[in-house]
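K.L.:
Below is the structure I would like to discuss, written out as structure tokens.
The values are calculated or read from the model by the stated rules, or taken from the named source; none is laboratory data. Computed from a prediction, not measured in an experiment: that's the story for all the values here. So basically every Cβ, Gly included, is an ideal-geometry build from the backbone, and we count neighbours across all protein chains shown. Side chains included, ligands, DNA and RNA excluded: accessible areas come from the protein's heavy atoms. Shrake-Rupley method; radii C 1.70, N 1.55, O 1.52, S 1.80 Å.
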Amino acid sequence: MIKQFLRYVLPSMAAFAFSGLYSIVDGYFVGNNVGDAGLAAINIAYPMIALVNSVGTGIGIGGAVFVSLTRGEGDAESEKKYLGNTLMFLLGASVVCTLLLLAVYRPFLQAFGATGEVLEGAKTYSLVLILCTALQVLATGCIPLLRNFGAAVGAMLAMSGGFVSNIFLDWLFVQYMSLGLFGAALATGIGQAVTVVPCAVFLFLRIRKMGGGVFSFSLRRIGKIAAVGASPFGLTLCPNITTLILNKFCLEFGGDTAVAAYAVVAYMYSVILFLLQGVGDGAQPLVSACYGEGQEKTAKKFRNYAYVTALVTALVYFLALLFCRELIPKAFGTSDEAGALAARVLPIFGAGTLFTAIIKVTSSYFYSIGKSKVSYGLVYGELAIVFAAAFALSSFLKLDGVWLALPLTQAVLCVAAIAILFALSRKNKFKNI
């Protein structure tokens with residue numbers, strides 16, 4: 001069982017890490033070639049762009065859960081139809097997201113504090129990536145489907161191909177050709193295209209193997225995919241909204257220097273978030289299939305393996321931040337002042353990820369067995385709590401209160417996750433919860 005677990009989870013963690021590293025690579029080249037204003041621009045713009053990735057991830061995982069559940073139940077016809085409805089949902093969402101973001105991205109950036117050089121850079125970065133929306137939605141949405149068809153390594157290779165392309169193109173466009181934020185965004189868009197192509201080929205061959213009859217639209221199935229997908233959507237998006245919230249408090253209490261420092265923190269924090277989501281979502285095909293087959297005890301064992309893997313990953317990450325806190329800001333080309341501030345707060349955020357590990361796996365487990373409502377509170381509760389914590393703590397601790405808001409929020413949600421598991425186990429609401 002452990003070998004089977006690792007065959008799914010390790011490639012999933014790698015694939016999610018590559019996804020998270022896109023923005024870090026952009027930040028590295030922009031920070032070293034544009035400076036603090038460029039870093040701040042990406043940090044303010046990226047949460048809006050992350051909406052697109054979250055939509056793709058939510059739909060892809062929502063559909064993948066039902067693909068695995070129906071396969072576990074032996075219902076090949078429903079498996080085909082859930083695959084088809086997931087792909088149609090991804091295409092429709094691409095169109096809607098493109099039109100919506102084109103309409104709102106300028107006032108959105110201004111509403112979250114971007115002005116002057118930062119605002120202009122954020123506009124450029126946002127517009128290019130908005131025009132690449134379909135590529136981003138399909139890239140993030142098809143990866144979970146590949147994993148649920150047993151192609152976890154293939155999904156990882158598709159993501160790594162896009163990531164390597166992004167690194168090369170960032171060097172070419174940003175450093176060599178001096179295209180700044182425009183070049184960074186263009187490199188990301190092309191990298192997503194490199195990921196989409198092998199995914200499309202795999203799914204095309206899979207559909208042929210199924211014998212066709214996949215694209216049978218059902219509003220009921222779309223609704224079920226959306227209901228389950230709301231949790232992974234939130235898991236991916238909410239940290240980026242949290243970034244917007246904390247950016248606004250950073251601007252108020254520390255100015256552009258604090259925003260640039262938090263950009264470094266946010267980049268590093270995004271890596272562990274993607275790794276932890278990779279653990280939970282890597283275990284998802286195994287948990288969903290076992291649950292569909294009625295093997296609840298086996299599903300629980302896979303969940304417990306995920307807890308151990310996530311906690312060990314978070315601990316290693318915390319130690320890495322602790323010992324490399326002085327080196328990390330320099331890699332992003334921050335000013336001395338912003339770098340010193342980032343070095344001071346990186347371990348604080350690193351410690352909070354130990355709580356995040358429990359939250360991510362618990363949320364993933366519940367939507368993997370089709371019980372998404374339980375995970376909604378854990379996923380979306382972060383936004384209300386972190387805003388309240390930042391507001392309350394900054395009122396008397398100023399900028400230090402802003403830094404403490406997120407780790408405190410994660411601690412509260414971790415306690416809530418453990419309490420929910422314990423309460424449901426006592427009530428036996430779900431078998432072998």
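K.L.:
Could you identify the single residue in 274, 249, 253 that is farther than 19 Å from residue 398 by Cβ and either in contact (Cβ under 8 Å) with a residue 40 or more places away in the chain or outside any helix (DSSP H, G or I) (or both)?
P.N.:
274
K.L.:
When residues of the stretch 330-357 are filtered for being buried (at least 24 other Cβ atoms within 10 Å of the Cβ) and of a type in the set (Val, Ile, Thr), how many remain?
P.N.:
Residues flagged as buried (at least 24 other Cβ atoms within 10 Å of the Cβ) and of a type in the set (Val, Ile, Thr) within the stretch 330-357 amount to 3.
K.L.:
Which of the residues belonging to the stretch 159-192 are touching a residue at least 60 places away in the same chain (Cβ under 8 Å) and either among the hydrophobic types (A, V, I, L, M, F, W, C) or not in a helix (DSSP H, G or I) (or both)?
P.N.:
Result: 159, 163, 167, 171, 174, 178, 181, 184, 185, 187.
K.L.:
Does residue 322 satisfy the condition of being open to solvent by 60 Å² or more (accessible area, probe 1.4 Å) and either in contact (Cβ under 8 Å) with a residue 24 or more places away in the chain or within 15 Å of residue 263 (Cα to Cα) (or both)?
P.N.:
For residue 322, the condition - open to solvent by 60 Å² or more (accessible area, probe 1.4 Å) and either in contact (Cβ under 8 Å) with a residue 24 or more places away in the chain or within 15 Å of residue 263 (Cα to Cα) (or both) - is not met.
K.L.:
Every residue in the stretch 366-420 that is open to solvent by 30 Å² or more (accessible area, probe 1.4 Å) and of a type in the set (Gly, Ala, Ser), please.
P.N.:
Scanning the stretch 366-420 gives 370, 377, 384, 388, 392, 395, 416, 419.
K.L.:
Looking at 89, 108, 112, 18, can you tell me which residue is touching a Gly at 6+ places or on another chain (Cβ under 8 Å), under 21 Å from residue 184 (Cβ atoms) and open to solvent by 20 Å² or more (accessible area, probe 1.4 Å)?
P.N.:
Result of the check over 89, 108, 112, 18: 18.
K.L.:
Follow-up question, since we're still on this one. For the stretch 21-52, give me each residue that is small (Gly, Ala, Ser), part of a helix (DSSP H, G or I) and open to solvent by 10 Å² or more (accessible area, probe 1.4 Å).
P.N.:
Scanning the stretch 21-52 gives a single hit, 37.
K.L.:
Can we say residue 66 is aromatic (Phe, Trp, Tyr), closer than 30 Å to residue 297 by Cβ and open to solvent by 20 Å² or more (accessible area, probe 1.4 Å)?
P.N.:
So residue 66 passes the test.
K.L.:
Being modelled with pLDDT of 85 or more, surrounded by fewer than 24 Cβ atoms within 10 Å (Cβ to Cβ) and more than 22 Å from residue 75 (Cβ to Cβ) is the filter here; which residues of the stretch 270-293 pass it?
P.N.:
273
K.L.:
Right, residue 181: within 30 Å of residue 280 (Cα to Cα) and not β-branched (Val, Ile, Thr) or not? Spell out how you get there, then give the answer.
P.N.:
Working: within 30 Å of residue 280 (Cα to Cα): no; not β-branched (Val, Ile, Thr): yes.
Taking the combined requirement at face value, the residue does not satisfy it.
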